[in-house]
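Chemist: Let me give you the structure first, and then I'll get to my questions.
The values are calculated or read from the model by the stated rules, or taken from the named source; none is laboratory data. Keep in mind that what you see is a predicted model, and the values were worked out from it rather than measured. Glycine gets a Cβ as well: all are built from the backbone with ideal geometry, and neighbour counts include every protein chain shown.
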Amino acid sequence: MPLDIVVGTQWGDEGKGRVVDLLAEGSNYTARYNGGDNAGHTVTVGNQSFRLHLLPSGMIHPQSVGVIGNGVAINPAVLLAEMESLISAGLPVTPQRLHISHAATVITPAHRALDAAQETARGKVKLGTTLRGIGPAYTDKVARTGLRVGLMREPENFGQAIREHVIRVNHNLVQLYRAEPLDPDAVAQEYIAYARQLKEYIGDASSLLWEALKHGKRILAEGAQGTLLDLDHGTYPYVTSSSTIAAGALTGLGLGVGCVERVIGVTKAFQTRVGSGPFPTEVVGEVELHLRGTGEHPWDEFGTTTGRPRRVGWLDMVLLRYAARINGLTELAVTKLDILSGLKTIHLCTAYRSAGQLYTELPHGPADLESYSPVYEELPGWEQEIRSVRGWEDLPGRARAYILRIEELSGVPVRLVSVGPERDQVVEIN
Ligand code: IMP
């Protein structure tokens, strides 16, 4: 059945929004399955740039219906603002064009306050979260005290649930973290207003998608964050609190395993990370500045959600092979190849060394990466600017050699390479 999943293979920010935007052109539905407004997907169309945190980026295409699955944590204020921004750009957002699962989780200001208080309490061992309340909202879900979106269908009852939730979280804020409590009535009033605006959009997203699949419609599942931030399979504890991998699309949308056709892994041509945690191929100095940029361009490596400068490094093939296995990737999309233009030499991490031993696979998964140092292969770089290239044969030979080496070392075919921020700045490989 035609369910395609787009998943990040690194620590997020791989350029998934770009790839989703391209694939959404041929999809009837685009569905977000995990995370919340900690994500930031930038899509550029002409001179208009959309920064979406919650709405599926495929909704930029008028024919693609948006779905927010049960695996997502929703800050209603952010969602409503994004809906408004699409409407102002002339893109309709109606209950026919956006469906929100009744089983998705609601994020409140109390979750955000708890996120901040917990980060402060961690002191030097901060996780570097986005402070969007993600961890506390998913904690509530797992503890079975979460606020499900379905409650919003009855705004007054929802308000009461919000009031009780804020009172409960206040207790922890004050007693455990010596933080300021929130006003339960004010938060309840705010959330009743959101419920009134959103209730028409709430439904059974799982059965809607199943019916669509049965009728031969194409669905694109849009992952947020990346494989190495997955709660179970990432660099724990420096991870997010949701299932970011391809399997998360099935639990996060309520679909069966047999629906999947393609699993597209998006990888940057280099590696970035925002927040704390191990990063074996991280670089500092001249190459760092080259890869990150100065912040003057929208594509420079600064967080879409938080504005934080991202840590940068060489592409890590041990981790990419791991991502290929964990997600069952059927193909790769390599983004930002143009950024490597002008580097004399490009390093590719092919293995790790630890206590005198060489490892080409991770013996214990990526959680204890601190104890490994990267082993590099060096490839000659290319001087040419490649942003105007559209055909595989027109790429410089050294750029092609780099892509072919990624393919060889990952065991996954590269089907798409992006060479610039614009929609059409891609090279498709058949
Ligand atoms: P949280 O998801 O806000 O709890 O943050 C946990 C970790 O995931 C932190 O290191 C964040 O920087 C990182 N993170 C969360 N969302 C994203 C994202 O969309 N891109 C990159 N990193 C992210």
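Chemist: Looking at 293, 303, 328, which one is modelled with pLDDT under 95 and either within 26 Å of residue 232 (Cβ to Cβ) or crowded, with 23+ Cβ neighbours inside 10 Å (or both)?
Modeler: Matching residue, one of 293, 303, 328: 303.
Here's the yes/no breakdown for (1) basic (Lys, Arg); (2) under 28 Å from the mean Cα position of the chain (by Cα); (3) under 21 Å from residue 227 (Cβ atoms):
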{"residue": "370", "(1), (2), (3)": "no, yes, yes"}
{"residue": "382", "(1), (2), (3)": "no, no, no"}
{"residue": "396", "(1), (2), (3)": "no, no, no"}
{"residue": "424", "(1), (2), (3)": "no, yes, no"}
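Chemist: Going by the conditions given, is residue 228 among the hydrophobic types (A, V, I, L, M, F, W, C), assigned to a helix (DSSP H, G or I), within 22 Å of residue 38 (Cα to Cα) and within 16 Å of the ligand (Cβ to nearest atom)?
Modeler: Spelling it out, residue 228 is indeed among the hydrophobic types (A, V, I, L, M, F, W, C), assigned to a helix (DSSP H, G or I), within 22 Å of residue 38 (Cα to Cα) and within 16 Å of the ligand (Cβ to nearest atom).
Chemist: Considering every residue within the stretch 310-330, establish whether at least one is part of a loop (DSSP other than H, G, I, E, B) and within 14 Å of the ligand (Cβ to nearest atom). Can you show your working first?
Modeler: Looking only at the stretch 310-330, we keep the residues that are part of a loop (DSSP other than H, G, I, E, B), and these are 310, 314, 328-330.
Pick out the ones that are also within 14 Å of the ligand (Cβ to nearest atom) and you get 310.
Yes, because at least one residue in the stretch 310-330 is part of a loop (DSSP other than H, G, I, E, B) and within 14 Å of the ligand (Cβ to nearest atom).
Chemist: Somewhere in the stretch 250-261, is a residue in a loop (DSSP other than H, G, I, E, B) and crowded, with 16+ Cβ neighbours inside 10 Å? Write out each step before concluding.
Modeler: Pass one, the stretch 250-261, residues in a loop (DSSP other than H, G, I, E, B): 254-256.
After this cut, where a residue has to be crowded, with 16+ Cβ neighbours inside 10 Å as well, the list is 254-255.
Scanning the stretch 250-261 turns up at least one residue that is in a loop (DSSP other than H, G, I, E, B) and crowded, with 16+ Cβ neighbours inside 10 Å.
Chemist: Which residue out of 202, 245 is more than 16 Å from the ligand (Cβ to nearest atom) and in contact with a strand residue (DSSP E or B) (Cβ under 9 Å, 6 or more places away or on another chain)? Steps first, answer last, please.
Modeler: Values: 245 fails: more than 16 Å from the ligand (Cβ to nearest atom).
Going through 202, 245 in turn, the sole match is 202.
Chemist: Identify, from the list 49, 88, 57, 64, the residue that is over 12 Å from the mean Cα position of the chain (by Cα), modelled with pLDDT under 95, surrounded by 21 or more Cβ atoms within 10 Å (Cβ to Cβ) and not aliphatic (A, V, I, L, M). Before you say what the answer is, go through the steps one by one.
Modeler: Details: 49 fails: surrounded by 21 or more Cβ atoms within 10 Å (Cβ to Cβ); 88 fails: surrounded by 21 or more Cβ atoms within 10 Å (Cβ to Cβ); 57 fails: over 12 Å from the mean Cα position of the chain (by Cα).
Matching residue, one of 49, 88, 57, 64: 64.
Chemist: Exactly one condition in (1) buried (at least 20 other Cβ atoms within 10 Å of the Cβ); (2) on the phi < 0 side of the Ramachandran plot; (3) within 16 Å of the ligand (Cβ to nearest atom) is false for residue 275; which is it?
Modeler: (2)
Chemist: Moving to a separate point now. Being surrounded by 23 or more Cβ atoms within 10 Å (Cβ to Cβ), more than 14 Å from the ligand (Cβ to nearest atom) and of a type in the set (Gly, Ala, Ser) is the filter here, so list the residues in the stretch 205-225 that pass it.
Modeler: Of the stretch 205-225, the ones surrounded by 23 or more Cβ atoms within 10 Å (Cβ to Cβ) are 205, 209, 219-225.
Retained after the next criterion (residues that are more than 14 Å from the ligand (Cβ to nearest atom)): 205, 209, 219-221.
Of everything in the stretch 205-225, those that are surrounded by 23 or more Cβ atoms within 10 Å (Cβ to Cβ), more than 14 Å from the ligand (Cβ to nearest atom) and of a type in the set (Gly, Ala, Ser) turn out to be 205, 221.
Chemist: Quick one: which of 37, 4, 21 is of a type in the set (Asp, Glu) and farther than 25 Å from residue 80 by Cβ?
Modeler: After applying the criteria, what remains is 4.
Chemist: Confirm whether residue 190 is acidic (Asp, Glu), touching a Pro at 6+ places or on another chain (Cβ under 9 Å), loosely packed, with under 15 Cβ neighbours inside 10 Å and more than 21 Å from residue 93 (Cα to Cα).
Modeler: Details: acidic (Asp, Glu): yes; touching a Pro at 6+ places or on another chain (Cβ under 9 Å): yes; loosely packed, with under 15 Cβ neighbours inside 10 Å: no; more than 21 Å from residue 93 (Cα to Cα): yes.
No: the conditions fail for residue 190.
Chemist: Do we find that residue 339 is assigned to a strand (DSSP E or B), at pLDDT 95 or above and not hydroxyl-bearing (Ser, Thr, Tyr) in this structure?
Modeler: No.
Chemist: Report yes if some residue within the stretch 119-140 is acidic (Asp, Glu) and not assigned by TED's automatic domain parsing to the domain that holds residue 248; otherwise report no.
Modeler: Yes: one or more hits.
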